[in-house]
1. For the pair Q247/D266, report the inter-label distance in nm, with labels modelled 7 Å from Cα in the Cβ direction.
2. Assuming R0 = 35 Å, can you tell me the calculated FRET efficiency for the pair K239 and K80, based on Cβ-Cβ distance, to the nearest 0.05?
Amino acid sequence: MNKNSFLHSYLYVFFLTAICLISLSGCQAASDNLINGSKQDDSLVNEDIQSKTDSSKEEKGKTFTAKIVRVVDGDTVKIKMTNGNEETVRLLLVDTPETVHPSKPVQPFGPEASKFTKDLMPAGSKVEVETGIGERDKYGRLLAYFYVDGKMVNKLLLEKGLARVAYVYAPNTKYLDEFEDIQKQAQKDEIGIWSIENYATSRGFDDSKSGEKSEEKTTVNSSCSNPKIKGNINSKGNKIYHIPSGQYYEITKPEEMFCTEHDAQDAGFRKSQR
């Protein structure tokens, strides 16, 4: 082999080797980018899922324990702090009918709301308090959510139809969506304040309805000395009776009282589903 042929062969092998090495390096880089990109995408997806999971639930914030001094009305309570100071607390995002307002009459379901709150939080009992952001209203009252045995009092008032969602001011809107869902269910069931047509409004409670419940007389269809079954006619004219173990028995104002379910059914009432 002459020198020129040898040189040509050498150069051919050199360039062929270089091309192979470049190709392998490119493939490896592409592979690495693909793997790393996939891992990054997976990480982003996982972060997004976690973010959605975290934002879909509202966890109870920090609370402190206080002692109940007295319940003023359905949504206002006096408490004693651990340092001995007393505070007046207004329950956040809810409004119950008036019972002690100096210029308003006792409103329908106001006494029931007050009794419900008093029964949940009798004087001397302990309560968990979760304060709102900013903490106080223009009257200097603490703004808070109360918890008794792990259950939020604000929610329970809405569930029983004894309060409406109200006084919604940012940034204290933490549980607003949940509160509104609970209220919609109470409206659908036509219980408590929602059993009187056009009584609870976005502006408050209609005082013209204040005499409506007190003027109604309860008819006693008695074949016994102490009838317990409550018959109620809601705003749509539906006749429903409630037994003592029923969910809405305590907050129902009866138009008629019956001794037995058979008596109620004979009078055209149907049993409450709750």
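1. The two pseudo-label positions are separated by 3.1 nm.
2. Once the sixth-power term is evaluated, E becomes 0.15.
Any read-out appearing in this document is the output of simple, stated calculations on the displayed coordinates, not a laboratory observation. Quick caveat: nothing in here was measured; it's all calculated off a predicted structure. Counting neighbours? That spans all protein chains shown, and the Cβs are built from the backbone with ideal geometry, glycine included.
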